[in-house]
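Below: one structure, written as structure tokens.
The values are calculated or read from the model by the stated rules, or taken from the named source; none is laboratory data. As the structure is a prediction and not an experimental result, all values here were calculated from the model. Reconstructed Cβ throughout: ideal geometry from the backbone, glycine too, with neighbour counts over all protein chains shown.
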Amino acid sequence: MTKNTIAHQVFDLARWAPSGDNTQPWRFEFVDDRHVRVHGFDTRHHCVYDLDGHASQLSHGALLETAAIAATQFGHRAEVERSDTGNDERLAYHVRLVPDPAFPPDRLGRSIAVRTVQRRPMSLRLLTDAEKSAIEAELPRGYRVAWFEGGRVKARLAALLFASAKIRLTMPEAYRVHRDVIEWDARHSVDKVPDQALGVNAASLRMMRFAMHSWERVAFFNRYLAGTLLPRVQMDWWPAIACGAHFALLSDRTPAGIDDYVSAGRATQRLWLAATASQLQLQPALTPLIFSRYAREQRRFAEGDHHLAAARDIARRLGSVLEAGGVHDASSVVFMGRIGEAPVAHARSLRLSLEALTVAS
Ligand SMILES: Cc1cc2nc3c(=O)[nH]c(=O)nc-3n(C[C@H](O)[C@H](O)[C@H](O)COP(=O)(O)O)c2cc1C
């Protein structure tokens, strides 16, 4: 049985923070009643989207921000500090909870456990100025949102996401990731993504499951049966049209190292919780950003030269959409996605229990 200290209560709520593919790249060491050492890891050795650890570091930031917000629900404030482990793949953060009854509860606390990704089509209704301002008001200093609205820009982004998904679905390096993170026949999953939360219909899910049995099958489907078309239309193109807006979260300075990505993750989680508080649904779309970064840094993320060329094309197209929206430096974008009015997802990822996430001191 886990104990019921303030630290346990705070982290029992904080564990609802989002992470890429629900990997939950963190473990908690309860040092004492008010001090938690968070062990953050990344998935660079098996996840092609996390080769530099930055995607996991964004998730660490989301967790730390959630812990800070959760602390305020219990009359505490959180002091967060990263300690040097000398190993970029194994990070450590200290979260110290300081009793401070004068510190008001953060209004975003109520959204922590109900925030969830929505991958299905959303309403076309534009966000109101009040909704956008309510989100922007929650961002930490140094961050702002660029909004992309209207049929023309959504069509450009839909085409871009469609192209980006082709890289994802035709690359053996990504097949292995998808195979391992999807839980089939599931509405909920504690450590993966349930297939019913993917946003595809039952017939397509059956086809995907059959095809994903082996890479050879995927390659056969892709080559002879246009196997990527239907999933890309359902998971990428149509959702990109069916939403109120796309957004890009921008940092004042280009993120360069671990702390910048952690800080960006904190801002991301505030944005997402603020959207939830306004009854809006959100879906991140990080792969175009990741492929663009890999292209910029000339990282060989795939065996196939055509995949590297396709990533360069994504980078060019994304840069041009951003530029048209007044964002002149694509490398300042730390998070992207779509947002809008929609029912809350009926299928979602759950989380490992606090006990399972706890490591001994
Ligand atoms: C850094 C990061 C990147 C993500 N990228 C994507 C993405 O590209 N597409 C997507 O559909 N969801 C993405 N997600 C959402 C996660 O898959 C989701 O948060 C996780 O599975 C937990 O589910 P929940 O948010 O419903 O609790 C991302 C989340 C984070 C934190």
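What to note about this one:
- Tallying residues that are near the ligand (Cβ under 9 Å from one of its atoms) and under 16 Å from residue 333 (Cβ atoms) within region 265-281 yields 3.
- Within region 201-210, the set of residues being in a helix (DSSP H, G or I) and surrounded by fewer than 21 Cβ atoms within 10 Å (Cβ to Cβ) comprises 202, 203, 204, 205, 206, 207, 209, 210.
This table checks each residue for (1) more than 13 Å from residue 355 (Cβ to Cβ); (2) among the small types (Gly, Ala, Ser); (3) over 16 Å from the mean Cα position of the chain (by Cα).
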| site | (1), (2), (3) |
| --- | --- |
| 4 | no, no, yes |
| 7 | yes, yes, yes |
| 28 | no, no, yes |
| 36 | yes, no, yes |
| 46 | yes, no, yes |
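- Of 285, 267, 211, all but one fail to be touching a residue at least 12 places away in the same chain (Cβ under 8 Å), closer than 16 Å to residue 118 by Cα and of a type outside the set (S, T, N, Q); the exception is 285.
- Cβ pairs under 7 Å, 6+ apart, first in region 342-355 and more than 18 Å from residue 192 (Cα to Cα), second near the ligand (Cβ under 9 Å from one of its atoms) and assigned to a loop (DSSP other than H, G, I, E, B): 342/118; 344/116
- Restricting region 312-361 to residues that are within 16 Å of the ligand (Cβ to nearest atom) and charged (D, E, K, R), the residue that is surrounded by the most Cβ atoms within 10 Å (Cβ to Cβ): 338
- Residues in region 97-120 that are touching a strand residue (DSSP E or B) at 6+ places or on another chain (Cβ under 7 Å) and not β-branched (Val, Ile, Thr) were compared, and the one that is nearest to the ligand (Cβ to nearest atom) is 119.
- Any hit, region 99-111, residues being modelled with pLDDT of 95 or more, part of a strand (DSSP E or B) and out of contact with any Phe, Trp or Tyr (no Cβ under 7 Å at 6 or more places or on another chain): yes
- Where residue 306 falls short, out of the listed (1) out of contact with any strand residue (DSSP E or B) (no Cβ under 9 Å at 6 or more places or on another chain); (2) surrounded by 23 or more Cβ atoms within 10 Å (Cβ to Cβ); (3) of a type outside the set (A, V, I, L, M, F, W, C): (2)
- If the condition is being more than 27 Å from the chain's Cα centre (by Cα) and among the polar types (S, T, N, Q), then region 223-233 contributes no residue at all.
- Residue among 200, 218 that alone is within 14 Å of the ligand (Cβ to nearest atom) and among the hydrophobic types (A, V, I, L, M, F, W, C): 200
- Verdict on residue 83 being touching a helix residue (DSSP H, G or I) at 6+ places or on another chain (Cβ under 7 Å) and small (Gly, Ala, Ser): no
- Any hit, region 285-308, residues being at pLDDT 95 or above, within 14 Å of the ligand (Cβ to nearest atom), over 23 Å from residue 244 (Cα atoms) and of a type in the set (Val, Ile, Thr): yes
- Every residue from region 279-295 that is over 14 Å from the mean Cα position of the chain (by Cα) and crowded, with 20+ Cβ neighbours inside 10 Å: 280, 291, 292, 293, 294, 295
- Matching residues, region 24-37, being of a type in the set (Val, Ile, Thr) and either surrounded by fewer than 23 Cβ atoms within 10 Å (Cβ to Cβ) or in contact with an Asp or Glu (Cβ under 6 Å, 6 or more places away or on another chain) (or both): 31
- Only one of 131, 136, 149 that is surrounded by 13 or more Cβ atoms within 10 Å (Cβ to Cβ), farther than 25 Å from residue 49 by Cβ, free of Cβ contacts under 8 Å to residues at least 12 places away in the same chain and charged (D, E, K, R): 136
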